[in-house]
Amino acid sequence: MSKGRLEAFSDGVIAILITIMVLELKIPQGDDLAALRPMVPAFLAYVLSFVVLGIYWNNHHHMFQATDRLNGAILWANLHLLFWLSLIPAVTAWIGESVSAPVPTAVYGAVMTMAGVAYYILTRTIVSCVGPHSTIAAAVGKDVKGRMSVVLYAAAIPLAFVSWWIADAIYVSVTLMWLVPDRRIESKLSQ
């Protein structure tokens, strides 16, 4: 499989996931602003997950710009990432419907944790294929931000049973941490 095909497939999957999420939003029952109030939790969950998927899409794109070859392990690692990302619409709908419930909040964190682990595995699989002195290896380095994200997501899982809003604050914090595009790969590609 060519790199372009893998990127196009991944782009398509992420686009479908975003479409599924927006289709899960319900139409307001009424014709005034008060009709929007019951939709706020689901909409906020949608916004958070939309941004998360956008971050994964953006970083995936940059990572494959710096990758010059593929192997079967990379294809499987990419599918592993897409599997966890494909669960985001379901957990987004669940957390949007039961905003203060600990189990949906914890499951959201579990999916985010596993997506982060899968992205880390994909990164390491690419570095293993292209070599430790490659552009991608230099750009990713020790990937402190990626590792910290997984740790924070994992910490949010048990914290969801203590306080759902603490867990949600962690999810938002990790998202904000990644909102600023990762310049490591772009800077290495421009050298």
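About its Cα centre, the dipole of region 11-75 is roughly 140 debye, where the only charges are +1 on Lys and Arg Cβ and -1 on Asp and Glu Cβ.
Length gain on complete extension for the stretch V103 to V40, per 0.36 nm per residue less the alpha carbon to alpha carbon distance? If you can, show how the numbers build up before the last one.
Details: separation 63, 0.36 × 63 = 22.68 nm, distance 1.97 nm.
Once the chain is fully extended between V103 and V40, it gains 20.7 nm.
For trypsin sites (Lys or Arg not before Pro), the sites in region 1-73 that DSSP calls loop and that have at most 16 other Cβ atoms within 10 Å are K26, R69. In a reduced charge model with +1 at each Lys and Arg Cβ and -1 at each Asp and Glu Cβ, region 35-188 shows a dipole moment near 320 debye about its Cα centre.
Quick check: residue separation of V51 and K142 times 0.36 nm, minus the Cα distance between them. What number comes out in nm?
Values: separation 91, 0.36 × 91 = 32.76 nm, distance 2.42 nm.
This chain segment gains 30.3 nm when fully extended.
Only DSSP H runs of four or more residues enter the estimate; each adds -39500 (n - 2.57), and after division by the residues of the chain the mean residue ellipticity at 222 nm equals -26000 deg cm²/dmol. When only Cα pairs below 8 angstrom with a gap of at least 6 residues are kept, the chain shows a relative contact order of 25 percent. Within the chain, helices built from complete DSSP H runs that reach 30 Å or longer along their own axis (Cα positions) and carry a mean Kyte-Doolittle hydropathy of 0.0 or higher are 3-24, 40-65, 102-130.
Shown here for region 80-146: trypsin sites (Lys or Arg not before Pro) in loop regions (DSSP other than H, G, I, E, B) with at most 10 other Cβ atoms within 10 Å, namely K142.
Computed from the coordinates by the stated procedures, all read-outs in this text should not be read as laboratory data. If you're wondering where the values come from, they're calculated on a predicted model, not measured in any experiment. When we count neighbours, we look across all protein chains shown, and the Cβ atoms used for this are built from the backbone with ideal geometry, even at glycine.
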